[in-house]
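A short worksheet on the structure shown next.
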Amino acid sequence: MAWARNVLRVNLTEGTCKNEPLNMDWAQKYLGQRGLATKYLVEETDPKVDPLSPDNKMIMTTGPLTGTCASTAGRYSVVTKGALTGAIACSNSGGFFGNEMKNAGYDMIIFEGRAPEPVYLLVENENARLIDASEYWGKSVWDTEEGIKAKHQDPLIRVASIGVAGEKGVKFACVVNDMHRAAGRSGVGTVMGSKNLKAVAIRGTLGVSVEDVGAFMQATADGKQTLADNPVTGQGLPAFGTQVLMNVINEVGALPTRNHRDVQFDGAKNISAEAMAEPRADGKPNLVTNAACFGCTIACGRISTVERTHYTVAERPQYQIASGGLEYEAAWALGAATGVDDLDALTFANFICNEQGIDPISFGATVGAAMELYEEGAIGDEQTGGLEVRFGSAEALTQLAEQCGQGEGFGAEVGLGSKLLCEKYGKPELSMSVKGQEFPAYDSRGIQGMGLAYATANRGACHLRAYTVSSEILGVPEKTDPHVTEGKAGLVKAFQDATSAVDSTGLCVFTTFAWSLDDIAPQVNAACEGDWTAERLLEVGERIWNLERQYNTAAGFTGKDDTLPARLLKDAAKTGPAEGLTNGLDKMLPEYYEVRGWTADGVPSNETVERLAL
Amino acid sequence: MQKSLHIDPDKCTGCLQCELACSHVNEGVFNPAKSRIKVFNFHDQGRMVPYTCTQCDEAWCMQACPVDAITLDAETGAKVVSDALCVGCKVCTIACPFGTVNYNASTGKVIKCDLCGGDPECAKACPTAAITYVDANWTGLDRMRQWAAKTDAGAQAEA
């Protein structure tokens, strides 16, 4: 119940698809999705493996609640060794693909090896087969998705695929499902491309059941009511989306601007949720509607258009459509990080990111780094092909999006990610990243806890591993001072452990603006075998966090990698409420290792490993 | 008083909670593939539209059924398929102009909305009131009220 208890193992080298039972002992210890797939990866691969070698594996994985009527229960994740980072990668996506996979009767699909020629996997319940994908290779996510549905004459098929970027080895390529939902970060799409796997197409009609239906309907109804009654999940997110944050984060002086040179962006209001709702020259706003992922009663998703006379789409009717619009992280990376405040240019660049399967966070942040390299003279027109890659240039942003999406021109160099790009041109200090992954949209000088969260995040810099912004800025579950380091070690650990558990259920982490583990536990408990309390979920979360850490340690990462770029540690914020502050990581990190039960070098101690039964 | 399902696509977010509720109450599992109500996503326009049986007065599915397996529930107005009588001939699926009667290969019977006996689960599950269950004689009441509210509002404010 809840778990399908079934794994599909696809060997791309051999061209075989085999079913096997899910390891239920591991499911009781790691729950599902992020935790359980990480356990499989740890057991089945060498952490030192080259992410792009056939010996790396890629796991698509659902949680036990995926496909049920619990609010937001449509999530799946892609777990592998990340191409961008060389660390454990787990990228979570919504849309409708996860539900379809579960309805086809699978908790996980494990991809091994490398196909000799491009293929896609077609799954119709128990029937799974690999099919020649040569007609889709070189095509975008959008064309691939539509093409597969048309070819099989089934509009109800759900597709997750890579674009040209993933084929060409862009380091931050993503896996995109349902046109614009993405397992976005760490280069999981690059790994998929390295396996010559273009797409996974699923049609599932078997249904998902739960252990105690009566208790489950009650627990999920209670949960939905809590989301509806909460001002963030009931009003703010449906009305404004995650973009509700743009002006808020700018005002608190934590909006990284122009490659983190500044912490406030004068153009923030032009790319905010409020701007998306303003009528344009054509009388219509950028925002068409909000939209939900599978089962989600919050519906924070944005569906937007580019103004039809805008230079990016005026001559190109295929982009004069409504599609997945700007979420906060993308708007920040494409906008504030590059100094561009042209909302239509950002919306267009975001369309291209979806169409060709590139992570808009790492892409935008790397363009920001390239702009600084250009302005400092480390790169010039020779490298950029004559394109003036200056801060604030919408033209540079949109052209680089198209080039990067195709893996060509200077866009191919942007596709290296900021770390390799800045190293290549002799300015490694200009890469705003941790473990090779670019920061998202919060400056850790203005929100101290996020510095520790970034430095210790197992997949490299990430806001979704410990979103202390919730506490430090929004006051959820309780307000802490964003400018102090005291207490942040414990706060970060608590967020990391809880989030690891939520990411393993099939639910969306955005529910945690309203739900604590006390709200989630009754839903998991009713759905799954075993006794699932909030305490047990937290313990599972801590176990998962330590398992990921052990993987990274075995992959060669040490405590020295738990750091931030010098810019954040030494150059103080110039304006705003955090003016004069740098990030106090050195004060937080030793305490963090201590509360984690790790050695002074950041390795889980024997006692901790034993306590968590790792 | 008879009631009707009333759908306002403007309010739909495309979450599929209606499909989950429908399949749960009718099939005992969460399975949008077996739902009697479907949400259509017109991606390029940013429109989501739920669609299901409107319970025609002169129900062509009912007229077409050769074994009288579809009957009128006089209390709710629903046209209801009897699984005991349905032979899976699919003539009703051809007769319905709206496509809202469909064949379920796993049972060999057809499935269509039966208004859940007068308490439709889809309407209860919809988080945005895009699907409501209202007086069948006044399905336009809300829209009338909206227009009424605008009528002569300026003149009254001046008075």
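Every residue, every condition in (1) within 14 Å of another protein chain (Cβ to nearest Cβ); (2) out of contact with any His (no Cβ under 9 Å at 6 or more places or on another chain); (3) over 25 Å from A:D178 (Cα atoms); (4) of a type outside the set (V, I, T), yes or no:
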{"site": "A:L227", "(1), (2), (3), (4)": "yes, yes, no, yes"}
{"site": "A:G236", "(1), (2), (3), (4)": "no, yes, no, yes"}
{"site": "A:Q243", "(1), (2), (3), (4)": "no, yes, no, yes"}
{"site": "A:V252", "(1), (2), (3), (4)": "no, yes, yes, no"}
{"site": "A:A275", "(1), (2), (3), (4)": "no, yes, yes, yes"}
{"site": "A:T289", "(1), (2), (3), (4)": "yes, yes, no, no"}
{"site": "A:V306", "(1), (2), (3), (4)": "yes, yes, no, no"}
{"site": "A:T309", "(1), (2), (3), (4)": "no, yes, yes, no"}
Out of region B:36-68, which residues are over 24 Å from A:G301 (Cβ atoms), free of Cβ contacts under 8 Å to residues at least 40 places away in the same chain and in contact with a strand residue (DSSP E or B) (Cβ under 8 Å, 6 or more places away or on another chain)?
B:C56, B:A59, B:M62
Within the set of pairs 6+ apart or on separate chains, which have a first residue in region A:64-75 that is closer than 19 Å to A:R5 by Cβ, a second that is at pLDDT below 95 and outside any loop (DSSP other than H, G, I, E, B), and C-beta atoms under 8 Å apart?
none
Any residue in region A:473-491 that is at pLDDT 95 or above, surrounded by fewer than 24 Cβ atoms within 10 Å (Cβ to Cβ), under 21 Å from the mean Cα position of the chain (by Cα) and of a type in the set (K, R)?
no
For A:Q403, are the conditions met, namely being in contact with a Leu (Cβ under 8 Å, 6 or more places away or on another chain) and closer than 24 Å to A:V306 by Cβ?
no
Does A:N125 satisfy the criteria of being within 14 Å of chain B (Cβ to nearest Cβ) and either closer than 21 Å to B:H43 by Cβ or modelled with pLDDT of 95 or more (or both)?
yes
Taking the condition hydrophobic (A, V, I, L, M, F, W, C), over 26 Å from A:C300 (Cα atoms), in contact (Cβ under 8 Å) with a residue 12 or more places away in the chain and surrounded by 19 or more Cβ atoms within 10 Å (Cβ to Cβ), does A:W545 pass?
yes
Tell me, please, whether a residue that is surrounded by 19 or more Cβ atoms within 10 Å (Cβ to Cβ) and over 27 Å from the mean Cα position of the chain (by Cα) can be found in region A:581-589.
yes
Per the filter on region A:291-304, residues part of a loop (DSSP other than H, G, I, E, B) and more than 8 Å from chain B (Cβ to nearest Cβ) are A:I298, A:C300
List the residue pairs whose Cβ atoms are under 7 Å apart, where the first residue sits in region A:499-517 and is within 20 Å of A:K102 (Cβ to Cβ), the second is of a type in the set (F, W, Y) and surrounded by 22 or more Cβ atoms within 10 Å (Cβ to Cβ), and the two are 6 or more positions apart or on different chains.
A:S504/A:Y30
Scan A:T226, A:T220, A:T242, A:T312 and give me the residue that is among the β-branched types (V, I, T) and part of a loop (DSSP other than H, G, I, E, B).
A:T312
For region A:315-342, which residues satisfy the criterion of being outside any loop (DSSP other than H, G, I, E, B) and more than 22 Å from the chain's Cα centre (by Cα)?
A:P317, A:Q318, A:Y319
Sole residue being crowded, with 18+ Cβ neighbours inside 10 Å and either at pLDDT 95 or above or among the polar types (S, T, N, Q) (or both), chosen from B:A69, B:A129, B:A64
B:A69
Filter region B:16-75 down to the residues that are more than 14 Å from chain A (Cβ to nearest Cβ) and among the charged types (D, E, K, R), then identify the one that is farthest from the chain's Cα centre (by Cα).
B:D68
Helices (runs of 4 or more DSSP H) within region B:74-159 that include 1 or more residues among the hydrophobic types (A, V, I, L, M, F, W, C) and more than 21 Å from B:G28 (Cβ to Cβ)
B:91-95, B:141-150, B:153-158
So A:P522, is it outside the structural domain of A:R34 (by TED's automatic domain parsing), surrounded by fewer than 24 Cβ atoms within 10 Å (Cβ to Cβ), at pLDDT 95 or above and closer than 18 Å to A:T226 by Cα:
yes
Mind telling me which of the residues A:P47, A:P64 ends up being touching a Gly at 6+ places or on another chain (Cβ under 6 Å) and at pLDDT 95 or above?
A:P64
Kindly indicate which of A:G301, A:G241 is crowded, with 24+ Cβ neighbours inside 10 Å and at positive phi.
A:G241
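For every residue, the table says whether it meets (1) touching a Phe, Trp or Tyr at 6+ places or on another chain (Cβ under 9 Å); (2) within 30 Å of A:A370 (Cα to Cα).
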residue: A:A215; (1), (2): no, no
residue: A:D229; (1), (2): no, no
residue: A:I271; (1), (2): yes, yes
residue: A:M276; (1), (2): yes, yes
residue: A:N286; (1), (2): no, yes
residue: A:A291; (1), (2): no, no
Tally, over region A:317-369, of residues that are among the hydroxyl-bearing types (S, T, Y), crowded, with 24+ Cβ neighbours inside 10 Å and within 14 Å of chain B (Cβ to nearest Cβ)
1
So, in region B:93-136, of the ones that are at positive phi and touching a residue at least 12 places away in the same chain (Cβ under 8 Å), which residue ends up nearest to the other protein chains (Cβ to nearest Cβ)?
B:A129
List the strands (runs of 3 or more DSSP E) inside region A:105-215, counting only whole elements, that have at least 2 residues being surrounded by fewer than 24 Cβ atoms within 10 Å (Cβ to Cβ) and free of Cβ contacts under 8 Å to residues at least 60 places away in the same chain.
A:127-132
Name every residue in region B:1-58 that is surrounded by fewer than 23 Cβ atoms within 10 Å (Cβ to Cβ), in contact with a Phe, Trp or Tyr (Cβ under 8 Å, 6 or more places away or on another chain) and assigned to a loop (DSSP other than H, G, I, E, B), in order of residue number.
B:C53, B:T54
Give me the pairs, please: first residue somewhere in region A:298-319 and in the same structural domain as A:D143 (by TED's automatic domain parsing), second residue anywhere and assigned to a strand (DSSP E or B) and at pLDDT 95 or above, beta-carbon distance under 9 Å, and either six or more positions apart or on two chains.
none
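The values are calculated or read from the model by the stated rules, or taken from the named source; none is laboratory data. Everything numeric in this text was worked out from a predicted model, so none of it was measured. Using ideal geometry, Cβ is built from the backbone for each residue, glycine included, and neighbour counts are taken over all protein chains shown.
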